[in-house]
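Below is one structure, written out as structure tokens, with a few remarks after it.
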Amino acid sequence: MNLDPTLGLPMVYLVDDEDVVRDALAWLLRSRRLLSEGFPSVEAFEAHVAGLPALFPSAPSCLVLDVRMPGTSGLVLFERLADRGLLPALPVIFLTGHGDVPTAVAAVKRGAFDFVEKPFSNNGLVDRVEHALTLSAETLLLRRGAVGVQKLLDELTERERDVMQLVIEGRPNKLIADALGISVRTVEVHRARVFDKMNVKSAVELANLLRGA
């Protein structure tokens, strides 16, 4: 597993009410040089997350989550994470007993990354965790790119945004000038400034940049 080191150290969150399960998972992950944090309940995990920066997670992460626990269930936590739009950056792997398999399958259809039935295969589970961390890293890179593009857009003046919109629509300078009631020369100046501020060299490159944001 090769992740972009600028994203920070990957983290696996373990939420299971059984101490022995959390300890076994932590040991297993350490054998693959993966960091983990364990929580005995959904409430404990949510209290921990509440104390973290708003942009969570900030490093590649995944959540290994028991379906059934005293208090708030793993399914309820999953739904809360889904409602907050966190699943792509924080993929969820459910741990299930045999009787919970249909429930876990339904959760996968709603966006969970995977489920693993107890007793689980050590290597199989860590392989899935590593895959989930890779997905999280890809999501964080896309989010970083979108934030970077937004910062560039914030540097544009209102008129430059007007010109940019018409440029990416493919209109030539003459039609842009007519649409905005300005001279062709003024359009050329604004167009050049937009390209410079957005760090692009063509309308096609500009359109691709905005499409990926």
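With an a/c value of 1.5 or above and a/b not larger than b/c for the gyration tensor axes a ≥ b ≥ c computed over the alpha-carbon atoms, segment 1-94 is described as oblate. Rg and Dmax, both from the Cα atoms of segment 39-164 and both in Å, are 18.0, 62. Here the peptides 181-187, 94-100 are ranked by packing, the mean other Cβ count within 10 Å, and the order with the highest first is 94-100, 181-187.
In percent, rounded to a whole number, the relative contact order of segment 5-144 is 26, using alpha-carbon pairs under 8 Å and six or more apart. Taking every full run of DSSP H in the chain, the ones that stretch at least 20 Å from end to end by Cα along their long axis and average 0.0 or higher on the Kyte-Doolittle scale are 122-154. Residues whose amide H comes within less than 5 Å of that of G38, counting only those at least five positions distant or on another chain, are L14 (H built at 1.01 Å from N in the peptide plane).
Here the chain is treated with +1 on each Lys and Arg Cβ and -1 on each Asp and Glu Cβ, and its dipole about the Cα centre works out to around 900 debye.
Say the dipole of the chain comes from +1 at the beta carbon of Lys and Arg and -1 at that of Asp and Glu; which of L206, T186, L3 then lies farthest toward its positive end? After comparing all options, I get T186. Neighbour counting of Cβ atoms within 10 Å sorts the residues V129, V116, V67, V76, fewest neighbours leading, into V76, V116, V67, V129. At an R0 of 30 angstrom, the distance between the Cβ atoms of L52 and L180 translates into a FRET efficiency of 0.10.
Within the chain, the ratio Rg/Rh, alpha carbon atoms throughout and Rh by Kirkwood, equals 1.18.
Reported value for segment 155-211: 69 Å³ per residue, from the convex hull of its C-alpha atoms. Going by neighbour counts of Cβ atoms within 10 Å, the residues T139, T157, T6 line up, fewest first, as T6, T157, T139.
No lab work stands behind these numbers, since they all come straight from the coordinates. Note that the structure is a prediction, hence the values are computed from the model and not measured. We place every Cβ from the backbone using ideal geometry, glycine too, and count neighbours over all the protein chains shown.
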